[in-house]
Amino acid sequence: MNGGSVGGGDPYTFGSMSSHLSGTAAEVVQARDISGGIHFHPPFEQQVPIPQQLPGNVRGFVNRVGELAHLDAVLAADSGVSVAVVAGTAGVGKTALILHWSHQNRHRFPGGQLYINLRGYDPGDPVTPMTALERFLAALGVVPGAVPTELEARADMYRSLLAGRQMLVVLDNAATVGQVRPLLPGAENCLVLVTSRNRFSGLIARDGAQRVTVPLLSEFEAVRLLQTTTAGYRDADQDNQVAELARLCGRLPLALRIAAERAAARPHVPLTSLIRDLRDESLLWDALSSEDEEEADGVRTVFAWSYRALPTAPARLFRLLGVHPGPEFSTAAAAALAALPESETRRLLDVLVGTYLLEQSGHDRYQFHDLLRAYAADQAAEYDDPSDRHTALERVCTWYLHSLFTATGVADLGSFLELVPAGYPPMPVPDFPDSQTAAAWIEVEVDTLIACAHAAADAGLDGIAWQTLALLRFPYSMRHPVDACISLGEQALSAAERAGDPAGQITALVGLGISYRLAQRLDEAVDRHRRAVLIDIDDLSIDMFRRNALALALMRARQFGEACSLFDQVHAIADHAQNPRWATIALGNLALAYFEAGNLEEADAAINNAFDTMPQEFSTDTHADFLNYQAMIHRERGHFAEAHEAIAGALAMNQGADLLLEGAFEYERARILLATNEPGQALESLAHALAIHRRVGSRSREALAFVIIGQAYQALARASEAEKFYRQAAAIHQDLHDDWNRAVSLAHLADVLARRGADGDSHDACAEALDLLHAFNDPRTVQLRHELTARPPSTST
């Protein structure tokens with residue numbers, strides 16, 4: 001990414017789209033003879049994915065015949081949207097039941113299956129409806145930038161995508177109705193399965209859900225589960241002894257499987273001996289438990305019985321895994337936590353999985369049942385020294401930080417500031433052979449990385465906390481709403497302030513400023529950037545970084561005079577520091593600022609100076625970006641041959657390596673073609689640009705492309721189609737709170753409506769545009785305001 005220019009290669013979201021209304025495409029461009037019609041089809045028609053998110057089926061599932069039949073009846077019922085609440089105490093086998101049923105019936109849901117563990121009873125934070133919808137929308141093919149930022153809008157999009165599809169939605173471990181209700185489809189041919197320890201009477205009364213209660217297993221069923229699990233490992237045990245073991249396990253499937261595995265692993269130990277040990281553990285647990293504890297706590301008797309039988313090494317790892325901040329982890333993370341070689345750690349994890357104290361949730365991915373995670377944390381708190389737990393947490397958080405630093409570097413998603421991660425990784429970080437692998441690792445680990453930052457902050461490891469959050473800012477912002485990015489930025493700032501780290505505070509403030517800028521909260525963006533500039537620090541690189549960031553925010557706010565002054569300051573500091581890279585970046589951004597202000601001579605001089613000072617090892621994508629700036633300047637000066645040459649050079653240099661840049665370059669090529677009387681060819685470039693913008697989820701760039709598409713159709717005397725695209729552009733800019741570009745869209749709309757004779761509607765669009773422009777006072781805005789006020793008054797009555 002182009003770290004030094006606007007928003008990492010994002011100058012196309014504002015002023016470069018402006019055009020003087022006195023020189024609209026309908027006047028400047030005379031369409032050549034065209035044989036046949038031109039139809040702008042919606043580009044990038046993506047095949048709708050069929051998600052297959054169900055976890056693996058349950059091994060050795062037995063019993064629950066009545067509950068399975070009840071679920072069959074829910075599916076068969078013709079009563080609108082089918083929702084089944086599978087309720088029961090902890091460890092009773094709710095998840096096993098729904099997964100077994102879902103795998104048996106997945107063929108009845110050709111639209112696919114969505115699954116999420118809402119973690120309503122985990123020691124950590126539960127999954128929010130916002131996060132759940134984000135993941136579901138991604139599974140349904142929605143690109144990150146197209147995911148709405150409000151809960152209601154996300155839920156609307158989710159329901160729309162499920163309409164007409166026959167899908168299964170599994171919401172596992174829900175704690176509240178509020179977690180569930182936004183995730184209910186509106187389609188009548190979808191089935192939702194919800195598991196919870198809560199009976200969810202409100203969901204049944206208001207949403208027509210049916211409850212499937214999962215009771216404790218009967219003695220017969222519990223005995224059968226034990227016998228099935230131990231079959232082939234032990235000689236036949238006496239029925240009364242198996243029944244006694246089942247009773248001591250509370251007839252809970254989770255406890256029964258743990259006990260059965262221990263019995264199967266000790267085929268020559270009499271069952272009476274195992275029962276005696278478990279009975280003793282039960283008496284001990286009863287002595288330590290209060291009368292008002294939940295019924296589910298009885299299962300901890302079996303946990304303790306199984307845990308105490310572990311050898312020292314796996315028992316230690318089990319306890320330390322209770323310290324791990326996130327709900328899932330890899331072998332490498334567990335190795336970092338325990339300070340053990342990966343090979344040894346993998347062996348110990350196999351022991352824990354084999355005793356049902358840990359679940360393997362995927363390839364090299366492990367997780368606890370929520371009760372077992374809490375039990376492991378309790379054991380660590382009771383038996384491990386606090387300093388040992390703190391050291392283990394520091395080890396694993398440091399490993400995650402260094403892994404994230406490496407991944408963001410390989411994926412080119414890191415901070416433009418040259419951050420040096422705190423500490424030293426206790427284990428080798430993952431090997432990321434390419435950017436896709438690195439980005440995929442971040443996507444998988446993002447929840448754990450945030451949990452690590454929070455745990456580090458709570459433990460006083462503020463350097464690790466702010467650095468983790470700072471490195472996450474860009475990759476996180478690609479897939480999450482800007483409000484969530486702002487929240488992470490505020491947490492990073494608090495951690496950096498507690499650490500007394502001025503570089504950390506500047507990094508966090510700049511990250512916050514960028515997030516506020518993306519949210520179009522420009523006053524707050526400029527405020528955070530100004531605060532960053534005021535922090536005392538003796539580091540020229542950081543000083544250039546923060547001044548450049550403030551200038552970019554001021555450009556978005558269309559305060560070009562101060563922005564140019566700041567870019568001049570960055571250039572002067574770079575000259576003093578003999579830093580040609582920063583000098584070039586400052587000149588390129590200065591050229592763009594002059595261009596946006598309408599000072600084309602100064603813009604041309606600045607971009608030529610940028611090319612003269614550009615070091616040989618300069619970033620290829622930034623070089624290509626600067627060629628695009630040059631094309632923009634040439635085009636607006638009427639030097640069309642030079643503009644064509646510059647944009648062709650930018651496209652050749654990029655060669656599809658960066659889709660964001662490619663879309664921007666195709667967009668600029670379309671503008672040049674439109675300016676040279678070639679609207680048909682311009683539409684071809686715009687189709688390509690728009691396909692890219694939709695693929696990467698850039699709604700802002702999509703709206704900007706709509707404006708130029710409207711101008712192309714206007715040039716082809718197809719006013720009704722032009723009007724449609726102008727209206728779409730204005731609507732998107734309104735959603736994005738981008739007042740200036742909305743005003744530009746409305747100005748074009750007013751023009752085309754006036755040409756169609758719709759004077760009243762044209763006057764309304766013109767008036768709305770003028771109202772939006774009051775907040776700006778740069779030269780282009782002054783010119784646009786003058787052109788709008790010079791329009792003849794409406795003749796409509």
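The table that follows gives values for the structure above.
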read-out: Leading residue by the ranking (most open to solvent (accessible area, probe 1.4 Å)) among those in the range 720-739 that are within 17 Å of D764 (Cα to Cα) and not charged (D, E, K, R); value: Q734
read-out: Helices (runs of 4 or more DSSP H) wholly inside the range 315-433 that include at least 3 residues being open to solvent by 50 Å² or more (accessible area, probe 1.4 Å) and under 20 Å from W466 (Cβ atoms); value: 386-410
read-out: Pair list, Cβ under 8 Å, 6 or more apart: the range 483-502 residue closer than 15 Å to A422 by Cα and free of Cβ contacts under 8 Å to residues at least 12 places away in the same chain, other residue of a type in the set (S, T, Y) and assigned to a helix (DSSP H, G or I); value: none
read-out: The range 97-119, residues that are aromatic (F, W, Y) and over 12 Å from P51 (Cα atoms); value: W101
read-out: All positions within the range 759-786 that are within 22 Å of A722 (Cα to Cα), open to solvent by less than 20 Å² (accessible area, probe 1.4 Å) and of a type outside the set (S, T, N, Q); value: A765, C766, A769, L784
read-out: Residue in the range 127-142 that is in a loop (DSSP other than H, G, I, E, B), of a type outside the set (A, V, I, L, M, F, W, C) and closer than 30 Å to R699 by Cβ present; value: yes
read-out: Hits in the range 65-92 - residues which are assigned to a loop (DSSP other than H, G, I, E, B) and open to solvent by less than 10 Å² (accessible area, probe 1.4 Å); value: A90, G91, V92
read-out: Residue within the range 328-347 that is free of Cβ contacts under 8 Å to residues at least 60 places away in the same chain and among the basic types (K, R) present; value: yes
read-out: Residue identified as open to solvent by 50 Å² or more (accessible area, probe 1.4 Å), closer than 29 Å to A484 by Cα and either assigned to a helix (DSSP H, G or I) or out of contact with any Phe, Trp or Tyr (no Cβ under 9 Å at 6 or more places or on another chain) (or both) among R159, R206, R199, R224; value: R159
read-out: Residues of the range 490-511 classified as farther than 17 Å from V533 by Cα and either of a type in the set (F, W, Y) or crowded, with 24+ Cβ neighbours inside 10 Å (or both), total; value: 2
read-out: Scope the range 740-751; condition in contact (Cβ under 8 Å) with a residue 60 or more places away in the chain and either open to solvent by 60 Å² or more (accessible area, probe 1.4 Å) or within 25 Å of S720 (Cβ to Cβ) (or both); matching residues; value: N741, V744, A747, H748, D751
read-out: Test result for T149, without any contact (Cβ under 8 Å) to a residue 12 or more places away in the chain, within 30 Å of R694 (Cα to Cα) and open to solvent by 10 Å² or more (accessible area, probe 1.4 Å); value: no
read-out: Residue that is least open to solvent (accessible area, probe 1.4 Å), among those in the range 227-260 that are assigned to a loop (DSSP other than H, G, I, E, B) and without any contact (Cβ under 8 Å) to a residue 12 or more places away in the chain; value: A231
read-out: Residue match in the range 102-117 (condition: on the phi > 0 side of the Ramachandran plot, open to solvent by less than 10 Å² (accessible area, probe 1.4 Å) and not β-branched (V, I, T)); value: yes
read-out: Flag for F405 being in contact with a Leu (Cβ under 7 Å, 6 or more places away or on another chain), in contact (Cβ under 8 Å) with a residue 24 or more places away in the chain and of a type in the set (A, V, I, L, M, F, W, C); value: yes
read-out: Criterion violated by V299 - all others in (1) modelled with pLDDT under 85; (2) touching a Leu at 6+ places or on another chain (Cβ under 6 Å); (3) under 27 Å from D385 (Cβ atoms) satisfied; value: (3)
read-out: Residue in the range 451-473 that is at pLDDT 90 or above and among the charged types (D, E, K, R) present; value: yes
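Yes/no per residue for (1) at pLDDT 95 or above; (2) open to solvent by 20 Å² or more (accessible area, probe 1.4 Å); (3) over 34 Å from the mean Cα position of the chain (by Cα); (4) under 27 Å from E668 (Cα atoms):
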residue	(1), (2), (3), (4)
L550	yes, no, no, yes
A586	yes, no, no, yes
N609	yes, yes, yes, yes
L627	yes, yes, no, yes
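The values are calculated or read from the model by the stated rules, or taken from the named source; none is laboratory data. Quick caveat: nothing in here was measured; it's all calculated off a predicted structure. A quick note on method: Cβ atoms are made from the backbone with ideal geometry, for glycine too, and the neighbour counts reach across all protein chains shown. Keep in mind that these areas ignore ligands, DNA and RNA; they rest on the heavy atoms of the full protein, side chains included. Shrake-Rupley method; radii C 1.70, N 1.55, O 1.52, S 1.80 Å.
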